[in-house]
Amino acid sequence: RAYRTLEKPEVVCDQLSVAPINMYVWFTLLAGLAFLPAIVKTLFPYLFHDCVYILRAICFGLRIEIYKRKTPFYSMVDGFGDAVRKNPHKTLIHFEGKTYSYLDVDRESNKVANALRKVAGLKEGDTVAVFLGNEPAFAWTWLGLAKLGCVAALLNFNIRSKSLLHCFSCCGAKVLIACEGNTVISVKKKKKNQCLINEANVNVRSTALYIYTSGTTGLPKAAMVTQERLWAASFFQGLCGVTSEDVFYINLPLYHSAGFLIGFTGCIERGNSFVLRRKFSASQFWDDCRKYNITVMQYIGETLRYLCNVPKRNNDRDHKVRLAIGNGVREEVWNEFLSRFGNIYVMELYGATEGNVVFLNYTSKVGAVGRDNILQKHIFPHALIKFDIEKEEPLRNAAGFCVPVTPGEPGLLVARITTKYPFVGYAGNKQLTEKKRLRDVFEKGDLYFNSGDLLRIDHENFVYFHDRVGDTFRWKGENVATTEVSGILSMVDCIEEANVYGVTVKGHEGRIGMAAITLKEGRVFDCVNTCSVVTDYLPVYARPRFIRIQNSLEVTGTFKMKKVKLVEEGFNPAIIQDPLYFLDLTVKKYIPFTQENYNSVISGEIKL
C-alpha cells in the first residue's frame, strides 16, 4: 500500500516535466516558421522572383499551345477581335490629343482591308511593305493586312535610296504603303463597314511579319516573324506584370520589334491603352507621362541616358510610371535613372528579333540582362562557348567541337535549333541565314543559332551582356570590350556620350582603341581629367589612344551607335575634319593629334 502511494506522485512529476518540453518544442517550431521567410530570403534571395516568373511563363506557354490546337489557329487578329468585343469603347491609342477606341481601330482596319483587296488586288499570302511613321494609321494598316492574310514588311521610315530598294525587294513585296499625314487610303463610307474576310487561313508556322535588323554592319536584313513568335513576343508585357489597367508609352519606332511586338501587340494581348508618339523626345518625355498618367514605359539603347542628361527639375519624381521595359541600358545609367526619377522597376531583357533565345531580368538586379533559371535552361537550350576574337569564330578543341566557358567568363551565346524553337532566318538571303547557323557544336550533327553576342553568367545565374562579336577587338594580345570602355569614358565630367571602336595601325597586329565622343553643352574637352580617368580605371591595352570629338554621334533608328564608317575612317587627320586627340602618357594628358603626329605613328617613330 505504501509503495502504491509513492507511485502516483512519480507519474505526476513525469507529466509535469514533459509539458514544459513540449511547450518549448512548439515555441521553437513557431519561432522557426516566423523566421523562415527571412532565412529563405537570405539563402535564396531570388526564389520568390523565380517562382513568379516561372509560373507566369508556364501559363503563357500553355496559352500558346491552346491557340495552336484550335481549328482554325487562334491568331493575333482573333485576339484583337475579342478585345474589341470585350471593350469596344475603351481607348486603345492616345495620339497628339486624339483618342481611338478599340472599335475605332477595328473599323479603320476594315476600311484598309477592303480598299487594298479591291484597289490593289491583294490576296492571302501576298507581302506588303509598310512604309509608315509612328501614327495610328500604322496600327490599323497592319491589322487590315492581317485580316487579309497578308504578310507585312515593316520598313524603317527613315531609309532612302539603296537601302529602301533593298528592303522592298528582298522580302518579295508586291505593294508599298506610304502615307501623308494620318491618311493612308481614302475609302467611301458605307452603311456597314466590315471586312469581308475576318479569319485568314493562317497557321502557327505562317510568316506574320518581316522586321528588319538595324543595319549596324551593312544593309538591313528582313527577319521572319511567325504567328507563333508574334504571340510569344506579345506576352512580354504579361511576363513583366503589366495589366489591362496600365497605360503603356510607345515612343520607339513601330517598325522595330521593341515598339511593335512588345509595345503594340503586347497592348492588344493585355487589353490596355497606349500613348503613341511620333519619335522619342527626352525633353517632353515626363510631361507626356504626367499628362496621360502613363504607368509603363519602354526604353532601348541610349534613351535612358538621354533622359538623365535633361536638366533636372523639381518635379522629376512627379509621375505614375512604375515599370520600365527594354534593353541596352548601362549599369551607371541605370543607377542614375533610379536615383533621379524614383523607384521605377526596370526590367532589362535580352533577345534578337530573329533569335530563338531570350532572357529577362525580372529581379531588377542592376546591370543584368536576365536570369538563367531552371525553366530558362529547359525552354531555351543554350550555352556560352569560347570565341576567338582575332579569327572571329568559335574556338574548337582537338575533336572539332566547341568549348564551353568557365563560370563568369564571357562567351559566345549559342542556342540549340529545334522544331519547337526554330531559327527561321532572313527573307531573300539564304547565305546570311546559313551564316547564323552553327553546326557540330557539342556533337556531330547538332545545330545552334549563333547570336553574335558575347555574354557572361555569374555564380548567381545572372546574365550580363559583354559585347557584340564585331565590336570587341584585340590589342597587345588582349581582348577589349567596347561597352566597358564606353562606360569608363562616361565617368569623365565633360563627356556626354562615347562610341568606342578599334582601328588598324600599319605594322601592328590587332586594332588599337579609339573613341568618338560628344561633349556636354558648354564644356570643352578636358585633356588631363580624361587621361586620369582612363589610366585609373582601364588597363594599358584597353585605353583609347585616339579620341575624336563630334557634334553628335550617328545612331540607328533604334538608338544603337554606328561604328562601321568610323572604323573605316580610322585616325587620319587628312580624312577626318573633327578634332582629334592622342593619349600621350609622357605628359599624362591627351594632346591634339596633327598630320605630323600621324606620319610619326605610321613610320613607327611614335611607339604605341
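Of note:
- Identity of the residue in region 195-211, in a loop (DSSP other than H, G, I, E, B), modelled with pLDDT of 60 or more and more than 13 Å from GLU124 (Cα to Cα), that ends up most open to solvent (accessible area, probe 1.4 Å): ARG205
- Within region 85-111, the set of residues being acidic (Asp, Glu) and more than 20 Å from ARG278 (Cβ to Cβ) comprises just one member, ASP106.
- Region 531-552, residues that are in contact with a Lys or Arg (Cβ under 8 Å, 6 or more places away or on another chain) and not small (Gly, Ala, Ser): CYS531, VAL534, THR535, VAL540, TYR541
- Within region 488-524, being within 22 Å of the chain's Cα centre (by Cα) and open to solvent by less than 10 Å² (accessible area, probe 1.4 Å) holds for ALA498, ASN499, VAL500, TYR501.
- Residue within region 357-364 that is of a type outside the set (Asp, Glu), touching an Asp or Glu at 6+ places or on another chain (Cβ under 7 Å) and closer than 26 Å to GLY97 by Cα present: no
- Lone qualifier among ARG290, ARG278 - being under 28 Å from LEU209 (Cα atoms) and open to solvent by 50 Å² or more (accessible area, probe 1.4 Å): ARG278
- 1 or more residues over 25 Å from SER490 (Cα atoms) and modelled with pLDDT of 95 or more: qualifying helices (runs of 4 or more DSSP H) within region 243-315: 266-270, 285-292
- The number of residues in region 375-421 that are among the β-branched types (Val, Ile, Thr) and touching a His at 6+ places or on another chain (Cβ under 8 Å) comes to 1.
- Considering (1) open to solvent by 20 Å² or more (accessible area, probe 1.4 Å); (2) under 30 Å from TYR210 (Cβ atoms); (3) within 20 Å of the chain's Cα centre (by Cα), the lone condition that THR418 does not fulfil carries the number (3).
- Those helices (runs of 4 or more DSSP H) of region 44-123 in which at least 1 residues are under 15 Å from THR141 (Cα atoms) and open to solvent by less than 20 Å² (accessible area, probe 1.4 Å), considering only elements entirely within it, cover 76-86, 102-119.
- Test: residue in region 476-485 that is open to solvent by 10 Å² or more (accessible area, probe 1.4 Å), farther than 30 Å from TYR362 by Cα, in contact with a helix residue (DSSP H, G or I) (Cβ under 6 Å, 6 or more places away or on another chain) and outside any loop (DSSP other than H, G, I, E, B): yes
- Among the residues of this structure, GLU354 counts as one that is crowded, with 19+ Cβ neighbours inside 10 Å, in a loop (DSSP other than H, G, I, E, B), acidic (Asp, Glu) and in contact (Cβ under 8 Å) with a residue 40 or more places away in the chain.
- Check on ILE325, surrounded by fewer than 19 Cβ atoms within 10 Å (Cβ to Cβ), β-branched (Val, Ile, Thr) and on the phi < 0 side of the Ramachandran plot: no
- Residue in region 572-591 that is touching a residue at least 40 places away in the same chain (Cβ under 8 Å), in a helix (DSSP H, G or I) and surrounded by 19 or more Cβ atoms within 10 Å (Cβ to Cβ) present: no
- For region 422-443, the set of residues classified as open to solvent by 60 Å² or more (accessible area, probe 1.4 Å) and either closer than 23 Å to LYS377 by Cβ or part of a strand (DSSP E or B) (or both) consists of ARG437, ARG439, PHE442, GLU443, listed by residue number.
- So ALA113, is it in contact with a strand residue (DSSP E or B) (Cβ under 8 Å, 6 or more places away or on another chain), farther than 22 Å from ILE294 by Cα and in contact (Cβ under 8 Å) with a residue 60 or more places away in the chain: no
The values are calculated or read from the model by the stated rules, or taken from the named source; none is laboratory data. Owing to the predicted nature of the structure, the values given are computational and were not obtained by experimental measurement. Here Cβ is always computed from backbone atoms with ideal geometry, including for glycine, and neighbour counts include all displayed protein chains. Accessible surface is based on the protein model in full, side chains and every heavy atom, while ligands, DNA and RNA are left aside. Shrake-Rupley method; radii C 1.70, N 1.55, O 1.52, S 1.80 Å.
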